[in-house]
1. Among the residues of the stretch B:140-151, are any within 14 Å of another protein chain (Cβ to nearest Cβ) and either out of contact with any strand residue (DSSP E or B) (no Cβ under 7 Å at 6 or more places or on another chain) or part of a loop (DSSP other than H, G, I, E, B) (or both)?
2. Kindly indicate which of B:128, B:135 is surrounded by 15 or more Cβ atoms within 10 Å (Cβ to Cβ), away from every other protein chain (no Cβ under 13 Å) and polar (S, T, N, Q).
3. In the stretch A:31-55, how many residues are outside any loop (DSSP other than H, G, I, E, B) and either in contact with a Leu (Cβ under 9 Å, 6 or more places away or on another chain) or exposed (fewer than 12 other Cβ atoms within 10 Å of the Cβ) (or both)?
4. Within the stretch A:60-76, does at least one residue satisfy the condition of being more than 27 Å from the chain's Cα centre (by Cα), under 27 Å from residue A:235 (Cα atoms) and at pLDDT below 85?
5. It is to be established whether one or more residues within the stretch B:162-178 are more than 21 Å from residue B:112 (Cβ to Cβ), touching a residue at least 40 places away in the same chain (Cβ under 8 Å) and in contact with a His (Cβ under 9 Å, 6 or more places away or on another chain).
6. Could you look through the stretch B:96-115, keep only residues that are more than 23 Å from residue B:49 (Cα to Cα) and more than 8 Å from chain A (Cβ to nearest Cβ), and pick out the one that is surrounded by the most Cβ atoms within 10 Å (Cβ to Cβ)?
7. Being among the β-branched types (Val, Ile, Thr), more than 23 Å from residue B:11 (Cα to Cα) and crowded, with 18+ Cβ neighbours inside 10 Å is the filter here; which residues of the stretch B:267-325 pass it?
8. Among the candidates A:183, A:171, A:155, which residue alone is assigned to a helix (DSSP H, G or I), touching a Gly at 6+ places or on another chain (Cβ under 7 Å) and of a type in the set (D, E, K, R)?
Amino acid sequence: MIKRFFSHHPLMFWGGVIITLLVLCALTAQWIAPYDPIRQNLTQNLLPPSIHHWMGTDQYGRDVLSRLIYGSRVSLSVGLVAVSIYILIGTTVGSVAGYYGGWVDGALMRLVDILLCIPTFFLILMVIAFVGPSIINIMVIIGVTSWTDVARLVRGEVLALKEREFIQAARVIGMKDSRIILRHLLPNALGPVLVVATLGIGGAILVESSLSFLGLGVQPPTPSWGNMLEEGKDHLTDAWWLITFPGMAIFLTVLGYNLLGEGLRDLLDPRLRGSGRQ
Amino acid sequence: MPELLCVRNLKVSLRDPPTGREGWVLRGVDLRMEAGERVALVGESGCGKSVTALSILRLLPRPPMEISSGQIEFKGRDLGNLTREQWLEIRGREIGMVFQEPISSLNPVMPIGEQIAETLRNHSGLSTGEIRARTLSLLAQVGLPDPPRLLSQYPHQLSGGMCQRAMIAMAVACGPSFLIADEPTTALDVTVQTQILDLLFRMTEEQRLAVLLITHNLMIVRGHADRVVILYLGLVVEEGVPGEIFRHPQHPYTEGLLAALPEVSHKGRPLYNIPGVVPSPFEDLKGCAFADRCPRVERKCRESAPPLLETRKGHQARCFYPSGK
């Protein structure tokens, strides 16, 4: 069945391949990276791609490929942790608002409306300016500022689900509200949340890259795709490899997550599922 | 037999938010049940059958509905002023409920066995092993084949009848003394209906369980109830043992219901139906609720509301002119 599904959704298959490769890269970075990503070698700076340095070297003589491989750790962990945080907050807020309704719902949704009025990226920039840039801070800040969409989505799902008969049945059994939410409502709302999470990882990676590019993200010498771009921008005209490879890496990763997310959406949407399997 | 449930003059109001109008879903329902008794609550759609059941469990959709007056006693205990925690103890443990749509009443993403186990876990201090054993024996009791395999099966893999059996297993899992069955067979195949009813009543006999069977189908009442209560527009219009009701219906509404049964209608003639429509809950009633549809209506019926009176032995009707008089 899985094979058949992938043959009908080749894009999701390729998304899966990209993400799997990326995860493997991040996990095995210390073994597969040909050079130390932060050791400088000023005699070998700005070398174009060659047999020794597949992706060339940067202005301090560091191997671009090695930095790219280590950078995948930052991108991947920022994506995963930030999204986990905001899925957690968003799901909690959304399910409480949807399940209890009334003034609880009103208050929480107005809070969401207020947060939605503020451009998230500028909010993140501002907070980073106060707390200082570090990987942990970036993860947490992306997490606590981006949960609004998830909250709205989960609230909508819960609003629809709580009218279903099996929720009424759970109440008749004498089940506590918290248990109804955790055991009966959320598992049924998981599909769309999973899709949003997958798509969100790509978004979080972009935000991290943007922050690092602006110098407010991962700090040198730790390599991240964003700060590689930032360092490479001064050599746009004479060392194309400094910008091209990290740019490609970001592009491919975000693409991979988006393809995977789109595929999951098709897989979990019963209306589309039928047509996908024929 | 000791009294199990006593509902006195239960009134439930309904508010229509856009207009702010207030209507009545229940206009004063009285219902008494004894331990182990099977009572059928009969009436057409919108007469307040399900609302009565949900009021007993205090699970009315609020808003728009609200219990505005009346008293509900269960085992001599007033259910009107219980705390949230006390309610969690009563629901499922003391009172169980079976719903109309068996498939949608089960969580689609949870295996059947797990759902029954949830109920047990919720109310008893049993260990995991004991819960498993009890779940298996419950599944076998309700006549489901191959219980071990069912433990890990999902509702969509089962038929409607099997799901309803699983629902019954869930409802009786914690050994309640009162079961509400809200149209348990309406969504099922005719051939399965009898099986489910038989199962329901076999279980009730074994466990001395009182059942409030809510239905709009008079035929299934015949062999399966000790007493029939007929509801019309939020009022009990007739009450008695099934034999009495079928042979000597007193209220014109009951007569109409009986005449509309396909089994009773004469071959070759069109099916009888009661003329007119059920008045809306927002209508202000001065006289008898059935006056506009009644073939025996007199001026008195439109001026004052008839009380529920004993017209024959063990048989009450809410009519000024019961048949036979």
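1. Taking every residue of the stretch B:140-151 in turn, none turns out to be within 14 Å of another protein chain (Cβ to nearest Cβ) and either out of contact with any strand residue (DSSP E or B) (no Cβ under 7 Å at 6 or more places or on another chain) or part of a loop (DSSP other than H, G, I, E, B) (or both).
2. On the way: B:128 fails: surrounded by 15 or more Cβ atoms within 10 Å (Cβ to Cβ).
B:135 is the lone residue from the list that is surrounded by 15 or more Cβ atoms within 10 Å (Cβ to Cβ), away from every other protein chain (no Cβ under 13 Å) and polar (S, T, N, Q).
3. 4
4. Going residue by residue through the stretch A:60-76, those that are more than 27 Å from the chain's Cα centre (by Cα) are A:60-62.
This time we only want the ones that are under 27 Å from residue A:235 (Cα atoms), so: A:60-62.
Right, trim to at pLDDT below 85 and you get A:60-61.
Scanning the stretch A:60-76 turns up at least one residue that is more than 27 Å from the chain's Cα centre (by Cα), under 27 Å from residue A:235 (Cα atoms) and at pLDDT below 85.
5. Just the residues of the stretch B:162-178 that are more than 21 Å from residue B:112 (Cβ to Cβ), to begin with: B:177-178.
Still in the running and touching a residue at least 40 places away in the same chain (Cβ under 8 Å): B:177-178.
Subset that is in contact with a His (Cβ under 9 Å, 6 or more places away or on another chain): none.
No, the stretch B:162-178 contains no residue that is more than 21 Å from residue B:112 (Cβ to Cβ), touching a residue at least 40 places away in the same chain (Cβ under 8 Å) and in contact with a His (Cβ under 9 Å, 6 or more places away or on another chain).
6. Of all residues in the stretch B:96-115, those more than 23 Å from residue B:49 (Cα to Cα) come to B:107-115.
With the extra rule that they be more than 8 Å from chain A (Cβ to nearest Cβ), the set shrinks to B:111-115.
Values: B:111: 17, B:112: 29, B:113: 23, B:114: 16, B:115: 26.
Looking at the filtered set, the residue picked out is B:112.
7. Answer for the stretch B:267-325, where residues must be among the β-branched types (Val, Ile, Thr), more than 23 Å from residue B:11 (Cα to Cα) and crowded, with 18+ Cβ neighbours inside 10 Å: B:274, B:311.
8. Result: A:155 is the single residue among A:183, A:171, A:155 that is assigned to a helix (DSSP H, G or I), touching a Gly at 6+ places or on another chain (Cβ under 7 Å) and of a type in the set (D, E, K, R).
The values are calculated or read from the model by the stated rules, or taken from the named source; none is laboratory data. Since the structure is predicted, the reported quantities are computational estimates derived from the model, not experimental observations. Glycine also receives a Cβ, built like all others from the backbone with ideal geometry; neighbour counts cover every protein chain displayed.
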